[in-house]
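Single-structure report; data block below.
The values are calculated or read from the model by the stated rules, or taken from the named source; none is laboratory data. Predicted model, so just to flag it, every value in this text is computed and none were measured. Here the Cβ is made from the backbone with ideal geometry for all residues, glycine too, and neighbour counts use every protein chain on show.
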Amino acid sequence: MSEEASKLAGVIDGVTMTEEAARLLWKELSEHMDANRGDLAGYAKKRGWFSVLPEYRGGKAVLIVKTTANAKGPPPVAAPQKAKQPKARPQPQQKAPQKPAQPAKPAVQGGQAPPKKRPT
């Protein structure tokens, strides 16, 4: 097989396909996608499958086919772990500055004078 063909793989309900079968499946999918851009669901429906999803695994383009909603696929590949950063120490909370008291506004409604202040 050529190097290009070895970069294509397929899995149907968790079972790995032969390289030749995977290559034919990719070719058929490619032709469908050329005619129906972005229509993976339509391709799956056309084949009588539940779903078809492409993935990149281990240097290969892999078509993951599920024939039913309950069908098993290959186990998911874990994303690479990032180096853990030390947690930042919580900063002590500062009290918000108090607002200065505002003088009471006199009520000037209906011609009434503001209340008089009593001497203390």
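Just a few scattered comments:
- Hits in the stretch 26-35 - residues which are of a type in the set (A, V, I, L, M) and touching a strand residue (DSSP E or B) at 6+ places or on another chain (Cβ under 8 Å): Leu29
- Once the stretch 50-81 is narrowed to residues that are of a type in the set (S, T, N, Q) and exposed (fewer than 14 other Cβ atoms within 10 Å of the Cβ), the residue that is modelled with the lowest pLDDT is Gln81.
- Qualifying residue in the stretch 36-49 (condition: part of a loop (DSSP other than H, G, I, E, B), at pLDDT below 90 and in contact with a strand residue (DSSP E or B) (Cβ under 8 Å, 6 or more places away or on another chain)): yes
- Verdict on Val52 being of a type in the set (A, V, I, L, M, F, W, C) and under 13 Å from Lys7 (Cα atoms): no
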